[in-house]
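Structure record follows, encoded as C-alpha cells.
The values are calculated or read from the model by the stated rules, or taken from the named source; none is laboratory data. Everything quoted here is computed from the prediction, not taken from an experiment. Every residue, glycine as well, gets a Cβ built from its backbone with ideal geometry; the counts of neighbours run over all protein chains shown. Each accessible area value is taken on the protein alone, full model and side chains, heavy atoms only, with ligands, DNA and RNA left out. Shrake-Rupley method; radii C 1.70, N 1.55, O 1.52, S 1.80 Å.
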Amino acid sequence: MPSSSSSPSAQPHPATGADWQDGTGNASHQGWHNGWDNGWLRGAHRCPSPNHGPRPQGAALRLVVLHSISLPPGEFGNGCIEQLFTNTLDWDAHPYFQTIRGATVSSHFVIDRTGRVTQFVSIWDRAWHAGQSNWHGTDNCNDFSIGIELEGLEGSHFEEPQYDALVQLSAQLLKALPSIEGFAGHEHIAPGRKQDPGAGFDWSRLIGGLEALAPGLSWPSQA
C-alpha cells in the first residue's frame, strides 16, 4: 500500500484497479509487445491520476517497488483503489476510509486479482507510492522507482494471473528501462513502517520469470 502525500515532493498512501481484457472478458496480455507511448504501456487500461510530479532532473530509474493493496482491507474488485488514486473515493463509505482520509497517493501500475493491469502514472513521472524510504543507501525511492500495486491483503496469497501479469509487465519495464538494477517490496525499503506485499508473495515466481532476461538484478535478501 502506498504512503500519503499532498505535494509532488512529499511522500504517499494506498489504492486499487486494473484493466486489460480480450473479447471474452478475460485478462489478456497480447498487446503488450507493442511497446510504449510517452511512458504509457500500450494495451494497459489508462486511468490517469493527478497524484504525481516530475522526477529530479537526471534521476536514473533504478528500482521497481512491489506493494499490495485492498480497500477496505480484504475486499477486492470494488473500484475503490482506482477511486483512491484519482481522488474520488467517498471517505464516508466505509469506517476504514477514515483512517486514510485525505490521502493523495498513486502508483504507476495496479494488477487486480484477475491479472488485469491499469496504469495511473507515466513511467517518466514520479508517482507517490513509496513514502519515506531507502534502497541501497539512497533515500526517497519515489524519485528513482516504478511502483506496482498487487490487489491483495498484505501477508496473504496472490493469484496465478497476477504473477503472470507481473512477470510480463516487469519484462516490458526492463526492456524499456535498462537502468533498472533491482526489485524490492515496500517492506524492504520502509522496514518497520510497511509490511507489504508480505510473506504471501512468492518472490521465486518473479525471479524465475525474469532471470533469463536480466540475470544480474538485485532482489530482497530473503527472496
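What does the highest-first list of 153-164, 182-193 look like by mean Cβ count within 10 Å? Intermediate values should be presented prior to the final figure.
Working: 153-164: 17.2, 182-193: 19.7.
Per-residue mean Cβ counts within 10 Å order the peptides as 182-193, 153-164.
Carbon and sulfur atoms: what percent of the 1.4 Å accessible area of the chain do they account for?
The value for the chain is 49 percent carbon and sulfur by accessible area.
So what are the chain's ellipsoid semi-axes, whole angstrom, largest first, if each one is the square root of 5 times an eigenvalue of the alpha-carbon gyration tensor?
22, 20, 18
Mind checking the per residue accessible area of region 135-176 for me, 1.4 Å probe, whole number of Å²?
On the way: 1490 Å² over 42 residues.
About 35 Å² of surface per residue is accessible.
Can you give the accessible area of residue 90, probe radius 1.4 Å, in Å² rounded to 10?
Surface accessible to solvent at residue 90 totals approximately 80 Å².
Report the trypsin sites (Lys or Arg not before Pro) located in region 34-109 that are in a DSSP loop and have at most 14 other Cβ atoms inside 10 Å of their Cβ, or state none. Write down the numbers at each step before the final one.
Details: sites: 42, 46, 62, 101; in loops: 42, 62, 101.
Answer by residue number: 42, 101.
Let me check I've understood the local charge: for residue 214, count other residues with C-beta under 15 angstrom from its C-beta, Lys and Arg +1, Asp and Glu -1. What total comes out?
Values: positive: 62, 175; negative: 181, 211.
Summing Lys and Arg as +1 and Asp and Glu as -1 gives 0.
With a 10 Å radius around each residue's Cβ, average the other Cβ atoms per peptide and rank 66-79, 205-218, highest first. Walk me through the numbers on the way to the answer.
Numbers: 66-79: 18.8, 205-218: 13.7.
Descending packing order for the listed peptides: 66-79, 205-218.
With only alpha-carbon pairs counted, each pair once and no self-pairs, how large is the Kirkwood hydrodynamic radius of region 68-122 in angstroms? Each step should come with its number before you reach the end.
On the way: mean 1/r = 0.0854 Å⁻¹.
Every distinct Cα pair counted, the radius reaches 11.7 Å.
In whole angstrom, how long is each semi-axis of the equivalent ellipsoid of region 149-213, when you take the square root of 5 times every eigenvalue of its Cα gyration tensor and sort them from largest down?
Working: eigenvalues 86, 46, 18 Å².
Taking √(5λ) for each Cα gyration eigenvalue gives 21, 15, 9 Å.
Can you sort 118, 88 by 1.4 Å-probe accessible area, starting with the largest? Don't skip to the end; give the middle numbers.
On the way: 118 0, 88 90 Å².
Sorted by accessible area, descending: 88, 118.
If you add up the charges near residue 95, with Lys and Arg at +1 and Asp and Glu at -1, over every other residue whose beta carbon is less than 13 angstrom from its beta carbon, what do you get? Spell out each step's value before the answer.
Working: positive: 101; negative: 75, 90, 92.
Its environment carries a net charge of -2.
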